[in-house]
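Beneath this line is the structure, given in structure tokens, with notes to follow.
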Amino acid sequence: MVHLTPEEKNCITSLWSKVAVDQTGGEALGRMLVVYPWTTRFFGSFGDLSSAGAVMSNAKVQAHGAKVLTSFGEAVKHLDNLKGTYAKLSELHCDKLHVDPENFKMLGNIIVICLAEHFGKEFTPECQVAWQKLVAGVAHALAHKYH
Amino acid sequence: MSLTKSDKASIANIWSKIAPQAEALGTETLERLFLTFPQTKTYFPHFDLSPGSDQLKAHGSKVMGAIGDAVKHIDNVGSALSKLSELHAYILRVDPVNFKFLNHCMLVTLAVHFPNDLTAETHAAWDKFLALVTAVLTEKYR
């Protein structure tokens, strides 16, 4: 369970209401594949991921990024029960997708950087704290069912 | 993981934007670090870490200054930061995991202030560069 103060919850929900989920999701996933190219290992079927330009304009990357960040919306709605919210997805990432949970932390941090880029000064240090707690909570929940 | 020509160009380009505001950006990086990863404060029991403190500004300036030295000597960061490397290994002994936290907070700070300059390529280049600086600073740990 993520322990958020009322101010932190407010930071999360108010910022989330202004996020262009599809665009930001695509941006975040794309950046992860560019900044940490070894993460492309999970996306063999996505086509051309050979350069930054190719990755950022890849339609499958955009679509999948949108899907991932949309699921974050569930986290924002259920801040008090991240483990329950992500139980099925956790099993999927372990049993079917075989994703090292380290990757969840990496993507979480990239999402934070994307938010900082979009919101500028509005993404205060206090806001960053709230979002770091959330991405860490989601990463932890996604790893929770690993065995 | 070494820096390509393209990486070096990206790094030099964004450094030219960072340099005029180095102290402010270094200070904000530290402020974000101490707030987001409070365990990092354990290395500064002797500091006043309240926002805007003179010590925080001085240290932010110092950190950015070292980054600037690394940028200026990008083909030989090991030599440029040799003294700092010894300092971190023998005196400061900051656990290596903390460099990643600092690097992340610096990226967040740059994203806040230079949204148009921190393209995916520049983000990657700067992340690689900070990883290189980290490797140099922890090189003599054991």
Closer than 22 Å to B:Thr122 by Cβ and open to solvent by 50 Å² or more (accessible area, probe 1.4 Å) - does that describe any residue in segment B:24-44?
yes
May I ask you to list the residues in segment A:28-54 that are within 24 Å of B:Leu107 (Cα to Cα), surrounded by fewer than 17 Cβ atoms within 10 Å (Cβ to Cβ) and not small (Gly, Ala, Ser)?
A:Tyr36, A:Pro37, A:Trp38, A:Thr40
Given the conditions (1) in contact (Cβ under 8 Å) with a residue 12 or more places away in the chain; (2) under 16 Å from the mean Cα position of the chain (by Cα); (3) open to solvent by 50 Å² or more (accessible area, probe 1.4 Å), which single one is not true for B:Glu121?
(2)
Quick one: A:Phe123 ticks every box in (1) more than 12 Å from chain B (Cβ to nearest Cβ); (2) modelled with pLDDT of 95 or more bar one, so which box is it?
(1)
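Taking A:Glu7, is it over 12 Å from the mean Cα position of the chain (by Cα), within 14 Å of another protein chain (Cβ to nearest Cβ) and open to solvent by 30 Å² or more (accessible area, probe 1.4 Å)? Walk me through it before giving the result.
Details: over 12 Å from the mean Cα position of the chain (by Cα): yes; within 14 Å of another protein chain (Cβ to nearest Cβ): yes; open to solvent by 30 Å² or more (accessible area, probe 1.4 Å): yes.
Considered against the rule, which asks whether it is over 12 Å from the mean Cα position of the chain (by Cα), within 14 Å of another protein chain (Cβ to nearest Cβ) and open to solvent by 30 Å² or more (accessible area, probe 1.4 Å), A:Glu7 comes out as yes.
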Quick one: which residue in A:Lys88, A:Lys96 is over 30 Å from B:Glu28 (Cβ atoms), among the charged types (D, E, K, R) and at pLDDT below 95?
A:Lys96
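Please enumerate the residues belonging to segment B:103-139 that are aliphatic (A, V, I, L, M) and either within 13 Å of chain A (Cβ to nearest Cβ) or touching a Cys at 6+ places or on another chain (Cβ under 7 Å) (or both). Before the answer, list the steps.
From segment B:103-139, those aliphatic (A, V, I, L, M) are B:106-108, B:110-112, B:118, B:120, B:124-125, B:130-133, B:135-137; that's our starting set.
Passing the criteria: B:Met106, B:Leu107, B:Val108, B:Leu110, B:Ala111, B:Val112, B:Leu118, B:Ala120, B:Ala124, B:Ala125, B:Leu130, B:Ala131.
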Among (1) at pLDDT 95 or above; (2) out of contact with any Asp or Glu (no Cβ under 9 Å at 6 or more places or on another chain); (3) not β-branched (Val, Ile, Thr) - the single one A:Phe43 does not satisfy:
(1)
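The values are calculated or read from the model by the stated rules, or taken from the named source; none is laboratory data. The structure displayed is predicted, hence computed values, not measured ones. For neighbour counting, all protein chains shown are included, and Cβ atoms are generated from backbone atoms with ideal geometry for every residue, glycine included. All accessible areas refer to the heavy atoms of the entire protein, side chains included, with ligands and DNA or RNA removed. Shrake-Rupley method; radii C 1.70, N 1.55, O 1.52, S 1.80 Å.
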